[in-house]
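Asks: Handing you this structure, nothing more for now.
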Amino acid sequence: MDRIRIVGGNELNGEIPISGAKNAALPLMIASLLTDEPLVLNNVPRLADVKQLERILENHGVDIAVHGRRLTDDDEAGQQMTFTAQTIVDTCAPYELVSTMRASFWVIGPLLAREHEARVSLPGGCAIGTRPVDFFISGLKQLGAEIDIDEGYVVARAPKGGLIGGTVNLPKVSVGATHTIMMAATLARGTTVIENAAMEPEITNVAECLVAMGAKITGIGTRTLTIEGVDRLHGATVDVIPDRIETGTFAMASAMAGGNVLLRGGRVEHLQSALDILGQAGVDIAQEEGGIRVQRNGNGLQAVDVDIDPFPGFPTDLQAQYMALMTRSTGVANIRETIFENRFMHVAELARFGADIRVEGQVATVTGVPELRGAQVMATDLRASVSLVIAGLAATGETMVNRIYHLDRGFERLEEKLRRCGAEIERVPG
Ligand code: UD1
């Protein structure tokens with residue numbers, strides 16, 4: 001298994017191109033199931049999760065074409081891909097394909113809407129909590145679906161004539177349930193209202209894609225989405241938004257290592273809350289024409305408390321990276337995780353660098369230390385793994401990050417992007 005080797009201590013200086021957002025690309029790809037016409041997506045990142053979803057969609061009968069170059073090392077522009085689901089040949093998403101990635105469960109929405117039936121394996125994904133699917137099930141039931149669980153599969157059937165619009169009130173903000181119910185409702189008869197909907201920028205990207213495909217959706221970007229069902233959707237061409245989690249990750253890496261970096265393509269409005277906290281911690285942030293400039297000012301890092309919340313709050317997908325950053329701050333930072341109950345697995349690994357972190361319930365208390373020391377560490381989930389890279393950039397000596405397949409699921413050419421800015425980092429094949 002490949003590993004990543006880092007020798008810490010170098011500043012980061014230069015430009016880092018931000019790739020298309022994984023969490024937008026995946027549901028946009030899934031939206032292609034809603035129409036028999038081609039859906040063209042620009043700026044699709046080259047990631048293991050994207051490839052895995054390609055396999056799942058192909059199994060349903062989606063024809064996938066990649067235009068231009070693919071997977072060359074120095075390719076900065078995202079891929080342009082066309083997804084054509086002319087005929088759905090199979091409405092089952094099997095365990096072997098769904099178990100490695102939770103988002104693949106979301107195909108249940110479009111399959112049910114278009115084919116009036118779906119049999120989808122219960123999902124897998126990062127082990128960051130129990131991550132149930134009860135909101136999906138109760139939401140689809142509100143649209144008239146009949147749902148059973150059978151041998152690890154969710155089996156869903158729409159009423160004769162298709163789904164029927166209804167009101168879905170999500171008990172807790174859920175990105176996946178919002179995507180899925182919104183997609184299902186586009187082809188339902190009548191009007192659906194999703195209350196307490198997620199309003200993450202990726203939801204907006206998908207909602208705008210659905211509108212470009214002929215869907216009728218209002219309230220985009222708010223907690224209440226109203227979807228008036230239409231008979232059919234058609235093809236469209238849509239850009240995947242820049243990855244705000246990748247942007248925030250590199251902002252924290254730059255803050256950790258010091259230096260001056262332009263995050264090319266990054267959008268401040270997609271991660272204002274995280275950038276505000278970084279500002280309070282002593283990092284200079286400026287929106288420039290080409291992206292976001294991040295510079296560590298001369299005063300060192302101050303500890304700042306953070307509550308993790310759904311958008312527009314501080315994202316849970318940046319919690320581990322922020323914790324890595326706070327290990328080198330002056331003072332004590334309390335980080336409260338409110339979204340996933342088991343998202344502190346990186347704490348034990350950060351401790352291997354000499355970090356001082358205590359966890360009590362949902363709160364991690366980080367007391368800054370004057371020095372981190374390089375160590376052998378293990379990636380436990382996607383975002384946690386990159387927090388270890390961030391710690392390694394500031395640690396003295398050598399760090400070896402094991403099990404980096406998690407990183408490849410969600411970060412495009414991570415080591416190369418950092419190396420170009422001066423980091424001593426390499427992939428060690430194994
Ligand atoms: C998405 C993101 C993930 C991010 C998360 C929260 C993608 C591909 N993944 O994951 O990177 O960390 O949003 O921003 O976009 N819940 C239930 N029942 C359900 C559904 C969710 O209890 O049926 C709970 C979850 O356990 C969690 C909370 O709701 O506690 C939010 O999860 P959700 O927003 O659904 O996360 P994902 O969509 O899986």
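Asks: Mind counting the residues in the range 84-119 that are among the basic types (Lys, Arg) and away from the ligand (no atom under 15 Å from the Cβ)?
Replies: Going residue by residue through the range 84-119, those that are among the basic types (Lys, Arg) are 102, 114, 119.
Pick out the ones that are also away from the ligand (no atom under 15 Å from the Cβ) and you get 114, 119.
Matching residues across the range 84-119 total 2.
Asks: If a residue has to be in contact with a strand residue (DSSP E or B) (Cβ under 7 Å, 6 or more places away or on another chain) and more than 16 Å from the ligand (Cβ to nearest atom) to count, how many in the range 224-277 make the cut?
Replies: Number of matching residues: 30.
Asks: If only one of 355, 384 is modelled with pLDDT of 95 or more and crowded, with 16+ Cβ neighbours inside 10 Å, which one is it?
Replies: Working: 384 fails: modelled with pLDDT of 95 or more.
On inspection, the qualifying residue turns out to be 355.
Asks: Just to be sure I understand the filter: pairs with C-beta atoms under 6 Å, separated by 6 or more residues or on different chains, first member in the range 395-408 and within 18 Å of residue 424 (Cβ to Cβ), second member among the aromatic types (Phe, Trp, Tyr) and crowded, with 20+ Cβ neighbours inside 10 Å. Which pairs pass?
Replies: 395/353
Asks: In this structure, is residue 37 more than 15 Å from the ligand (Cβ to nearest atom), farther than 27 Å from residue 381 by Cβ and not aromatic (Phe, Trp, Tyr)?
Replies: Yes, satisfied.
Asks: Further question: Check whether at least one residue in the range 194-212 is away from the ligand (no atom under 16 Å from the Cβ), without any contact (Cβ under 8 Å) to a residue 40 or more places away in the chain and in contact with an Asp or Glu (Cβ under 6 Å, 6 or more places away or on another chain), and report yes or no.
Replies: No: the range 194-212 contains no residue that is away from the ligand (no atom under 16 Å from the Cβ), without any contact (Cβ under 8 Å) to a residue 40 or more places away in the chain and in contact with an Asp or Glu (Cβ under 6 Å, 6 or more places away or on another chain).
Asks: Could you give every pair whose Cβ atoms fall below 6 Å, whose first residue belongs to the range 235-248 and is closer than 11 Å to residue 212 by Cα, and whose second residue is assigned to a helix (DSSP H, G or I) and not aliphatic (A, V, I, L, M), counting only separations of at least 6 or pairs across chains?
Replies: 238/209
Asks: A further question on this structure: Give the residue that is farthest from the ligand (Cβ to nearest atom), with candidates limited to residues of the range 158-183 that are at pLDDT 95 or above and surrounded by fewer than 17 Cβ atoms within 10 Å (Cβ to Cβ). Steps first, answer last, please.
Replies: Of the residues in the range 158-183, the ones at pLDDT 95 or above are 158-159, 162-183.
Keeping just the survivors that are surrounded by fewer than 17 Cβ atoms within 10 Å (Cβ to Cβ) gives 159, 167, 169, 171-172.
Details: 159: 22, 167: 17, 169: 13, 171: 8, 172: 5 Å.
Here the residue is 159.
Asks: Of the residues 96, 15, only one is of a type in the set (D, E, K, R) and under 30 Å from residue 400 (Cβ atoms); which? Steps first, please.
Replies: Numbers: 96 fails: under 30 Å from residue 400 (Cβ atoms).
Among 96, 15, only 15 is of a type in the set (D, E, K, R) and under 30 Å from residue 400 (Cβ atoms).
Asks: In the list 33, 26, which residue meets the criterion of being closer than 21 Å to residue 85 by Cβ and touching a Pro at 6+ places or on another chain (Cβ under 6 Å)? Working first, answer last.
Replies: Numbers: 26 fails: touching a Pro at 6+ places or on another chain (Cβ under 6 Å).
Of the residues listed, the single one that is closer than 21 Å to residue 85 by Cβ and touching a Pro at 6+ places or on another chain (Cβ under 6 Å) is 33.
Asks: Another question, if that's okay. Under 7 Å between Cβ atoms, which residue pairs at least 6 apart in sequence (or on different chains) link something in the range 53-77 that is closer than 16 Å to residue 19 by Cα and among the hydroxyl-bearing types (Ser, Thr, Tyr) with a partner that is modelled with pLDDT of 95 or more and outside any helix (DSSP H, G or I)?
Replies: So the pair list comes out empty.
Asks: Mind listing whichever residues of the range 154-196 are part of a loop (DSSP other than H, G, I, E, B) and of a type in the set (A, V, I, L, M)? Break it down into steps so the answer makes sense when it comes.
Replies: Going residue by residue through the range 154-196, those that are part of a loop (DSSP other than H, G, I, E, B) are 158-163, 165-166, 170-174, 187-188, 190, 196.
Of everything in the range 154-196, those that are part of a loop (DSSP other than H, G, I, E, B) and of a type in the set (A, V, I, L, M) turn out to be 158, 163, 170, 173, 187, 188.
Asks: Here is a check on your reading of the model: is residue 201 surrounded by fewer than 19 Cβ atoms within 10 Å (Cβ to Cβ) and either among the hydrophobic types (A, V, I, L, M, F, W, C) or out of contact with any strand residue (DSSP E or B) (no Cβ under 6 Å at 6 or more places or on another chain) (or both)?
Replies: On the way: surrounded by fewer than 19 Cβ atoms within 10 Å (Cβ to Cβ): no; either among the hydrophobic types (A, V, I, L, M, F, W, C) or out of contact with any strand residue (DSSP E or B) (no Cβ under 6 Å at 6 or more places or on another chain) (or both): yes.
No: the conditions fail for residue 201.
Asks: Which one of these does residue 310 not meet: (1) under 14 Å from residue 392 (Cα atoms); (2) touching a residue at least 60 places away in the same chain (Cβ under 8 Å); (3) assigned to a loop (DSSP other than H, G, I, E, B)?
Replies: (1)
A quick yes/no check of all residues on (1) under 27 Å from the mean Cα position of the chain (by Cα); (2) within 16 Å of residue 335 (Cβ to Cβ):
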{"position": "347", "(1), (2)": "yes, yes"}
{"position": "350", "(1), (2)": "yes, yes"}
{"position": "361", "(1), (2)": "yes, yes"}
{"position": "368", "(1), (2)": "no, yes"}
{"position": "378", "(1), (2)": "yes, no"}
{"position": "384", "(1), (2)": "yes, yes"}
{"position": "389", "(1), (2)": "yes, no"}
{"position": "394", "(1), (2)": "yes, no"}
{"position": "399", "(1), (2)": "yes, no"}
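The values are calculated or read from the model by the stated rules, or taken from the named source; none is laboratory data. This is a predicted model, so every value here is computed, not measured. Positions of Cβ are generated from backbone atoms using ideal geometry, with glycine treated the same way; all protein chains shown enter the neighbour counts.
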